[in-house]
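Here is the structure we will look at.
The values are calculated or read from the model by the stated rules, or taken from the named source; none is laboratory data. This is a predicted model, so every value here is computed, not measured. Here the Cβ positions follow ideal geometry from the backbone for every residue, glycine too, while neighbour counts run over all protein chains shown. These area figures cover heavy atoms from the full protein model, side chains too; ligands, DNA and RNA do not enter into them. Shrake-Rupley method; radii C 1.70, N 1.55, O 1.52, S 1.80 Å.
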Amino acid sequence: MRIPGPEEIRALHEKHAPTAEAFTSVHRHCELVWSVAEQLLASPRLAHLDAELVRAGCLLHDIGVYRLYDDAGQLDHKNYIRHGLLGQELLESEGLPATLCRFCSHHTGVGLTRRDVVSQNLPIPPADYLAETAEERLVMYADKFHSKSHPGRFLSPEAYAAHVRRFGEQKVTAFRALRDEFGDPDLARLTPQAELPPVTG
């Protein structure tokens, strides 16, 4: 499988971004998620992961967000949960392999189950959208430490755990399992890239 590099992925973002502001928001977030994953990949215990695949997954995972902007440049927050499937469709239309397309549709939260979709009445087809490979899990995990809503800051593990608790203790447990698998990133070392100290509470 041929994996696109950063410049080719940047060109895809530029092609699909409806505005310069949208490009800056989404592409910058994807780069910061990669910076978290790249740091974690330096651990010898993660040497078995495909770093090139993880990089592509990080840089592509949110590309579907562009399809949620209207003609006035406003983001459709109500249907934001759809960005993963929209990203998968976008990458499929570009001829990318399913392995890469899945990073879009299988990174939301700490994994969406069919039960989550039905019980929360989410506007996506009922199915399990769970990260299955170690590379998919790492992209999903690294994504938890940065939000486009607060682009200048990273989010500490404790802050994300507090955030996800509103969806049930099982989600906190799932996040804890990801922490055990991949370790905690050193966000203080990454802070210059995000400008401000991490949110810790």
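Probe radius 1.4 Å, ligands and nucleic acids ignored: give me the carbon and sulfur share of the accessible area of the chain as a rounded percent.
51
Apply the Karplus curve 6.51 cos²θ - 1.76 cosθ + 1.60, θ = phi - 60°, to the phi angles in region 58-65 and return the couplings in whole Hz, x for Gly and Pro.
Once θ is set to phi - 60°, the couplings for region 58-65 become 5, 6, 10, 4, 10, 5, x, 4 Hz.
Using θ = phi - 60° and the Karplus relation 6.51 cos²θ - 1.76 cosθ + 1.60, list the HN-Hα couplings for region 129-141 in order, rounded to whole Hz, with x at every Gly or Pro.
Along region 129-141, the couplings run 10, 10, 5, 9, 8, 4, 5, 5, 5, 5, 4, 4, 5 Hz.
Based on the Cα atoms of region 84-201, what semi-axes does the equivalent ellipsoid have, where each is the square root of 5 times one gyration tensor eigenvalue, given in whole Å with the largest first? It would help to have the intermediate numbers written out before the result.
Working: eigenvalues 122, 67, 36 Å².
Working through the eigenvalues yields semi-axes of 25, 18, 13 Å.
Among GLU135, GLU92, GLU38, which one moves the most in a GNM of the chain with springs linking Cα atoms closer than 10 Å?
GLU92
Under a GNM of the chain (C-alpha, springs under 10 Å), which listed residue has the highest mean-square fluctuation: ARG179, ARG55, ARG102?
It is ARG179.
Given a 1.4 Å probe, how much area per residue of the chain is accessible, in Å²?
Values: 9800 Å² over 201 residues.
On a per-residue basis, the chain sits at 49 Å².
Taking the Cβ of CYS30 as the center, what net charge do the other residues with Cβ under 12 Å away carry, scoring Lys and Arg +1 and Asp and Glu -1? Spell out each step's value before the answer.
Values: positive: ARG10, ARG28, ARG55, LYS148; negative: GLU31, ASP62, ASP143.
Around CYS30, the charge tally is +1.
So which aspartates and glutamates can LYS171 reach, going by Cα to Cα under 18 Å and dropping same-chain residues fewer than 8 places off?
Qualifying aspartates and glutamates at Cα under 18 Å: ASP116, ASP128, GLU132, GLU136, ASP143, GLU158, ASP180, GLU181, ASP184.
Largest first, what is the accessible-area ranking of MET1, MET140 with a 1.4 Å probe? Present the calculation step by step, with values, prior to reporting the outcome.
Values: MET1 125, MET140 5 Å².
Ranked list, largest accessible area first: MET1, MET140.
Of all alpha-carbon pairs in region 4-83, indicate the percentage at a distance above 14 angstrom.
That tail contains 63 percent of the Cα-Cα pairs.
Assign one of three labels to region 134-188, namely rounded, prolate or oblate, based on the Cα gyration tensor with a ≥ b ≥ c the square roots of its eigenvalues; rounded applies when a/c is under 1.5, prolate when it is not and a/b is larger than b/c, and oblate otherwise. All intermediate terms of the calculation are to be shown ahead of the outcome.
Details: a/c = 1.65, a/b = 1.14, b/c = 1.44.
Because a/c hits 1.5 or more and a/b fails to exceed b/c, region 134-188 counts as oblate.
Pull up all non-local amide H partners of TYR129: gap of 5 or more, or a different chain, and H-to-H distance under 5 Å with H placed in the peptide plane.
Sorted by chain and number, the residues that satisfy this are LEU112, THR113, ARG114.
Whenever you get a sec, line up TYR141, TYR69 from highest to lowest accessible area (probe 1.4 Å, protein heavy atoms). Working shown, then result.
Numbers: TYR141 0, TYR69 50 Å².
So the residues, ranked largest to smallest area, are TYR69, TYR141.
Quick check: net charge around PRO123, other residues with Cβ under 15 Å of its Cβ, Lys/Arg +1 and Asp/Glu -1? Intermediate results must be reported in sequence, preceding the final value.
Numbers: positive: ARG67, LYS78, ARG82, ARG114; negative: ASP76, GLU89, ASP116.
Local net charge: +1.
Using modelled backbone amide H atoms (1.01 Å from N, in-plane), which distant-in-sequence or interchain residues come within less than 5 Å of HIS146's amide H?
LEU155
Would you please classify the overall shape of the chain from the alpha carbon gyration tensor, given that a ≥ b ≥ c denote the square roots of the eigenvalues, rounded means a/c under 1.5, and beyond that prolate means a/b larger than b/c while oblate covers the rest? Write out the running numbers ahead of the final one.
On the way: a/c = 1.24, a/b = 1.11, b/c = 1.11.
Rounded shape, in that the Cα axes give a/c under 1.5.
Using a 1.4 Å probe and ignoring any ligands, DNA or RNA, find the accessible area of HIS29 and quote it in Å² to the nearest 10.
It works out to around 0 Å².
Mind checking which of ALA159, ALA22, ALA127 has the largest fluctuation in a GNM of the chain, springs on alpha carbons under 10 Å?
ALA127
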